[in-house]
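A.B. asks: Have a look at this one before I ask anything.
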Amino acid sequence: MVGTLIFVRLYLLISPEANVYIYGYNVHHLYTGAFILVVLSLLSAGGVSGGILTLASGMASGLVIDQLVYLTTSKGGHKAYFESLSLFGMLALVAFLIVLGFVVSFFN
């Protein structure tokens, strides 16, 4: 998840006008991540498990979380990904997730 958050922001730094269009519709990574999470949840409910499912869930969650931070801390636009509030919000969230990962692994 953390790797996905960092990758998405670095990719947008290199290519800020990167958009994905499917049949003329701009598909944000929030929708992509949410769709992947729904599919993975159905697979999990059907009994599928394993490291690939966990990895894919983390990546999809990273896509959703990055877009949520962006949407709640900015007014939109490609440059807004790197405005201080959006960028620091994402960095604070990454730090929180790393600490949470250590705490959870400590108690397991």
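A.B. asks: Output the residues belonging to segment 12-54 that are modelled with pLDDT of 85 or more, in a helix (DSSP H, G or I), exposed (fewer than 13 other Cβ atoms within 10 Å of the Cβ) and of a type outside the set (S, T, N, Q).
C.D. replies: Residues satisfying the conditions are Ile14, Val38, Val39, Leu42, Ala45, Gly51, Ile52.
A.B. asks: Right, here's the next one. Please go through (1) loosely packed, with under 14 Cβ neighbours inside 10 Å; (2) in contact with a Ser or Thr (Cβ under 9 Å, 6 or more places away or on another chain) for Val103 and return the number of the only condition it doesn't satisfy.
C.D. replies: Here Val103 meets the rest and fails (2).
A.B. asks: For the subset of segment 58-95 comprising residues that are β-branched (Val, Ile, Thr) and within 11 Å of Val2 (Cα to Cα), which member is nearest to the chain's Cα centre (by Cα)? Talk me through it step by step, then tell me what you get.
C.D. replies: Of segment 58-95, the ones β-branched (Val, Ile, Thr) are 64-65, 69, 72-73, 94.
Imposing the further condition that a residue be within 11 Å of Val2 (Cα to Cα) reduces the set to 65, 94.
Details: Ile65: 4, Val94: 10 Å.
The residue in question is Ile65.
The values are calculated or read from the model by the stated rules, or taken from the named source; none is laboratory data. Just so you know, these numbers come straight off a predicted model, no measurement behind them. Methodologically, a virtual Cβ is constructed for each residue, glycine included, from the backbone with ideal geometry; neighbour enumeration extends over all protein chains shown.
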